[in-house]
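Reviewing the structure listed below.
The values are calculated or read from the model by the stated rules, or taken from the named source; none is laboratory data. The structure displayed is predicted, hence computed values, not measured ones. No Cβ is skipped: glycine too gets one built from the backbone with ideal geometry, and neighbour counts run over all protein chains shown.
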Amino acid sequence: MRIITLICLLNSIVFASEIKSITYNGLIRMSYLIANEIANIKVGDELDKEKVNQAIIAFYKQDYFDDIYVTFDDNNGNLNFYFKEKPTINNIEIKGYGNEKETTEIEKLINIKRGDTYDIYKEQYAKEIITKTLEDKGIYGSVVEVDNIKIEDSISLIFNVNKGENIIIRKSYYEGATLPKDEIESLSANRERHSWLGWLPWWSNGELKLKELEFDNLRIQDVYMRKGYLDAVISNPLVNANFLNYDATLIYKVIEGKRYKVNGVEIRKNDDTDDIFPITTLEELIKIKEGEYFNIESVRNDIEILRSHIMDQGYAYARILPDLDKNEENAEVKVIFSVDIGKKVHINNVIVTGNTVSADRIIRREILIAPGDIYSITDIRKSENALRRTGFFDKVQISEIRVDETSMNLLVEVVEGRTGEIMFGLGYGSYDKLMVNASLKERNLFGTGISTQFYVNYSKYTQLFNIGITNPRILDSEYSSSINLYQSYFNNYDYIETSTGFNISFGRNLTDTLAANVVYELSKTRISDFEDQAQGGLLYANYFPINGVLKSSITPGLYFDNTDDYYFPKNGAILEASSEFAGLGGNAKYIKLFGKAGLYYHLQNLIDFDLILRYKAQIGGIFGEIGNKGIKGVPITNTFYMGGIGTVRGYETYSLTPRDTNGLRIGGRYIFANSIEASYGFLSAINMRIAAFFDYGMIGRDKFNEIDRMSWGLALEWVSPIGPLVFVFPFAINPKEGDNTSSFEFTMGTRF
C-alpha cells in the first residue's frame, strides 16, 4: 500500500521536464554511486513517471528502507529522493531457549544476524522458527515475546522464550500385537512413559517427539523384521493429545503375520572372480545359520562383513544386495546375497584439510594408506582411530572422493583440538588434607607432535617436580624417545622420602597399535625425619640403606592401544607390560614385573544408549633376595603401596601396605587392583559424563591377598574448554581401624 501511495503522489509532478540534477536524502548505508545505479535515472533524461515508479520499486527491493518519496522542483529541474532507512540490528539475544550450544544452534536457524536490516516479517519468521523447533523437540504451547530496544539508527532484539510443556505419552496401544510392548518400542523415539522410573535417563520419559513420529512405524517394523515377522504391517500412528494436562495416548494397529525361519543362504556373484573371491570362502564369512529365525540385523551384519572383506582387497566400489526368497506356506525364507565385486581401486591422492596448527606430516604419518596404495577400508578406519588417539584433534573424518572406477581420493578432515593444558587439581583426604597439583603441558608443540610438560604436585606431605619432553615419532619414523628430570618429596606417614633422578627412553612402533620401548632410569633416594626418631632410623635400616639408595635400572616394555579416542575411549583396549631390572650399578637389586589393562565397550553398539563400560586392572610382582630382615635388594621405596586413584579410591594414596612385626610400613611384593566402571553421557553436548565405579584391590608381602580393600563411588567427567576435569566422590567399603580414607578428589588433565 505504501508503494501505491508514493506512486500516486507522483501525479503532482509535472512531467515532460528535463532532469538537471538528482539528490538522495537520508542515505546512511548506501552510497550515492550505488543509488544512481539502482535508480537508473541520469541527469539530462526527460522526467518520466514510469521510470520514477520503477526506481522506487527497485529501492524497496534492496530491503533497506521503511519509507521512500520523491519530489521534483520544476524551477531548477532537481529530482529529490527522500529515504527513511530501516534500523540496523546491532544485537540479537535469545533468552530461555536452552543451554549455550542449543542457543547457538537456534541462532543459525532464525535467519537473522547482526548487521541485517530490521524487518517485522523477519522478526515474525524468527519467532515461528523458535516455536516450531521447540515443537519438534516435543515442547508445545511455547510463547516467544520480542523486546525491541532502539539505539539511534539501530535496534537490539531480545527474544524471550517462555517454554511450554512436554506432551507425555501416558499410554501406548499396539492393537493386534503379541510381542511385549517394551520390545516393540525398543527402537522407537516415541514410547510410553515408564510408570515410576521415567525420570531416569535409561528409562523412557514418554515425551512426544513429533518430528520423529512419522518414522516410528518403520522402526517398529524393523523390530518385527529382527524377530522374523517378514509380513508385519504397522499402521501410521494415531495420537490423542489433551492440551489441558499435556497427556497423550499413542495407538498403532499391527498385523504381525507369520514368523519365518531361514531355510538356506546363497551367494550369487555378478562377475567371474572365483580365483580372487571363491564363493566357498565368502560363505564361510556368513554368520546366518539355517534353521534359526530370520533377523534383518543379522543380514545387515553379514553384508558389512562381506563388504569389508572384499573392500580390504581393493574393491572399494563393491556392492552387496540382499534378496529374500519367501515360502509363505511353510514360513521359511532363503537369504540371497547378490555380490558385484567391481574393479580394483587405487588411491590417487590423500588430501589433508583443517590442520591450522599441526603440520601435514604429523597427520600423514598416522595414515596407513598412501597415494598409489590399494584401497583398504580397514586401513582407513584404523587411520581415523590413530588420528583420534593422538589427542590433537576434536574431530577426524576421512571421506572418499571417487575419481573414476579404478581410483579415488581420500579427504582427511580434522578440527584442531586444545593440545595445551594448564592443569590444576585439588584433593582432600583425612591424611594428606588439602592437595594441589598443577602442570603446564603441550602435547603438540608448534604443531610438530612433540610433547613437553612441567609438572608440580604440592601438598602438606607431598611435593613433586617433573620436567620432560617426548618425541613420539623421531623424524617422522617409527621410533620414539623421551627424557624426564624429576625431584620429589614425600611424607610416607612414618618418614620423609626424597628422590632426585632422570629417565630416558627409546621406543619403536611395531604395528599401528603395538609399540615397544626401553627406559633407563638413574635416581638417588633418601629417607629421614622418622616419626619415631629414637628407633625409626635403626628399625628402617633393616629395609633401607642408611646412606640412601642409588638405583640404576633398565625397563623394557610393550604398549598396545587400539581405542577410538584419546580422552573418552568408547571401544578398544589399552594394555601395558613391563619388566624393570634394577642392579646395573647402585645398591638396588631386584626385578619388578608390572602389567596394566583398560578395556572399553560402548553399549550403544547393542542398544541406543550412551553407556560406556570400562574394566581397568593392574598387577605387579617384585623379586629380589629375601633375608631374615626383609628383602635385601629391594628398598621399601620401590615396593608396592595401594590406595588412591589408580588402585582403590576412597583410601589415601599409598596408605595401604603390609607392616612388619614392629608395625613399620614396608610395602608389598605383590599387588592386584581392578575397577569396574559404567560411564553415562548425560550431557553429551558439552562432553560431560557421570560414572559409577567399584574398586577392589589386594596387596601382600608373601602373597597377594594379605590386605584387601573395596570401595565404590561416583565421578563426574568433563572435557571442559580448559581441559579434562574429574570430580571423584569415593566411599570406602568396611574400612579397617587405622585406615586413612579419602572422600573427595578433583583432578585435571586425566585420560578417562
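For segment 585-618, give me the residue count where each residue is under 19 Å from VAL519 (Cβ atoms) and either in contact with a Phe, Trp or Tyr (Cβ under 8 Å, 6 or more places away or on another chain) or modelled with pLDDT of 95 or more (or both).
8
Out of segment 246-260, which residues are part of a strand (DSSP E or B) and small (Gly, Ala, Ser)?
Matches in segment 246-260: ALA248 only.
Mind checking whether some residue in segment 466-485 is loosely packed, with under 15 Cβ neighbours inside 10 Å and at pLDDT below 85?
Looking for residues that are loosely packed, with under 15 Cβ neighbours inside 10 Å and at pLDDT below 85, one finds none in segment 466-485, hence no.
Quick check: anything in segment 181-191 over 30 Å from LEU683 (Cα atoms), crowded, with 18+ Cβ neighbours inside 10 Å and out of contact with any Phe, Trp or Tyr (no Cβ under 7 Å at 6 or more places or on another chain)? Quick ask: steps written out before the conclusion?
Filtering segment 181-191 for residues over 30 Å from LEU683 (Cα atoms) gives none.
No: zero hits.
Among the small types (Gly, Ala, Ser) and within 30 Å of GLU207 (Cβ to Cβ): is that true of GLY96 in this structure?
yes
Quick check, is LYS132 among the charged types (D, E, K, R), within 20 Å of GLU107 (Cα to Cα) and surrounded by 15 or more Cβ atoms within 10 Å (Cβ to Cβ)?
Here the answer is no, as LYS132 does not meet what is asked.
Just wondering, is there one or more residues in segment 65-78 that are touching a Lys or Arg at 6+ places or on another chain (Cβ under 7 Å), modelled with pLDDT under 85 and either part of a helix (DSSP H, G or I) or assigned by TED's automatic domain parsing to the domain that holds ALA35 (or both)?
Yes, because at least one residue in segment 65-78 is touching a Lys or Arg at 6+ places or on another chain (Cβ under 7 Å), modelled with pLDDT under 85 and either part of a helix (DSSP H, G or I) or assigned by TED's automatic domain parsing to the domain that holds ALA35 (or both).
When you check VAL403 against the structure, is it hydrophobic (A, V, I, L, M, F, W, C), touching a Phe, Trp or Tyr at 6+ places or on another chain (Cβ under 8 Å) and modelled with pLDDT of 80 or more, yes or no?
no
For (1) buried (at least 17 other Cβ atoms within 10 Å of the Cβ); (2) part of a strand (DSSP E or B), each residue gets a yes or a no:
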{"position": "LEU230", "(1), (2)": "yes, no"}
{"position": "ASN236", "(1), (2)": "no, no"}
{"position": "VAL262", "(1), (2)": "yes, yes"}
{"position": "GLU290", "(1), (2)": "no, no"}
{"position": "ASN301", "(1), (2)": "no, no"}
{"position": "GLY314", "(1), (2)": "yes, no"}
{"position": "LEU324", "(1), (2)": "no, yes"}
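Kindly indicate whether any position in segment 320-328 is farther than 30 Å from TYR229 by Cα and either touching a Gly at 6+ places or on another chain (Cβ under 6 Å) or touching a residue at least 60 places away in the same chain (Cβ under 8 Å) (or both). Lay out the reasoning, then the answer.
Step one: of segment 320-328, the residues farther than 30 Å from TYR229 by Cα are none.
Within segment 320-328 (the criterion being farther than 30 Å from TYR229 by Cα and either touching a Gly at 6+ places or on another chain (Cβ under 6 Å) or touching a residue at least 60 places away in the same chain (Cβ under 8 Å) (or both)), the answer is no, since none of the residues qualifies.
Working only within segment 123-164, note down all residues that are without any contact (Cβ under 8 Å) to a residue 24 or more places away in the chain and either assigned to a helix (DSSP H, G or I) or outside the structural domain of GLY96 (by TED's automatic domain parsing) (or both).
Residues satisfying the conditions are GLN124, TYR125, GLU128, ILE129, THR131, LYS132.
Return yes when ILE351 is among the β-branched types (Val, Ile, Thr) and part of a loop (DSSP other than H, G, I, E, B) and no when it is not.
No; evaluated as a whole, the condition is false for this residue.
Filter segment 727-737 down to the residues that are surrounded by fewer than 20 Cβ atoms within 10 Å (Cβ to Cβ) and assigned to a strand (DSSP E or B) and list them by number.
Of everything in segment 727-737, those that are surrounded by fewer than 20 Cβ atoms within 10 Å (Cβ to Cβ) and assigned to a strand (DSSP E or B) turn out to be PHE727, PHE729, PHE731, ILE733.
Please list, ordered by first then second residue, the pairs with beta carbon atoms under 7 Å, 6 or more apart or interchain, first in segment 659-679 and touching a residue at least 60 places away in the same chain (Cβ under 8 Å), second surrounded by fewer than 17 Cβ atoms within 10 Å (Cβ to Cβ) and acidic (Asp, Glu).
Within 7 Å, the pairs are ILE666/ASP660.
Considering each residue of segment 598-626, count those that are in a strand (DSSP E or B) and more than 22 Å from the chain's Cα centre (by Cα), and give that number.
Residues flagged as in a strand (DSSP E or B) and more than 22 Å from the chain's Cα centre (by Cα) within segment 598-626 amount to 8.
Give me a count of the residues in segment 24-64 that are assigned to a helix (DSSP H, G or I) and closer than 13 Å to TYR82 by Cα.
Going through segment 24-64, the residues assigned to a helix (DSSP H, G or I) turn out to be 32-39, 49-61.
Checking which are closer than 13 Å to TYR82 by Cα leaves us with 32, 35, 39, 52, 55-56, 59-60.
Adding up the residues that qualify gives 8.
Would you mind finding the one in ARG114, ARG193 that is assigned by TED's automatic domain parsing to the domain that holds PHE243 and in a loop (DSSP other than H, G, I, E, B)?
Checking each option against the conditions leaves just ARG193.
Is there a residue being closer than 21 Å to GLY572 by Cα, outside any helix (DSSP H, G or I) and of a type in the set (A, V, I, L, M) anywhere in segment 372-389?
Taking every residue of segment 372-389 in turn, none turns out to be closer than 21 Å to GLY572 by Cα, outside any helix (DSSP H, G or I) and of a type in the set (A, V, I, L, M).
For LYS101, are the conditions met, namely being of a type in the set (D, E, K, R) and modelled with pLDDT of 85 or more?
In short, no.
Does ILE89 meet the test of being in contact with a Ser or Thr (Cβ under 9 Å, 6 or more places away or on another chain) and among the hydrophobic types (A, V, I, L, M, F, W, C)?
yes
What are the residues in segment 542-583 that are over 30 Å from the mean Cα position of the chain (by Cα), surrounded by fewer than 18 Cβ atoms within 10 Å (Cβ to Cβ) and among the aromatic types (Phe, Trp, Tyr), if any?
Across segment 542-583, the qualifying residue is only PHE581.
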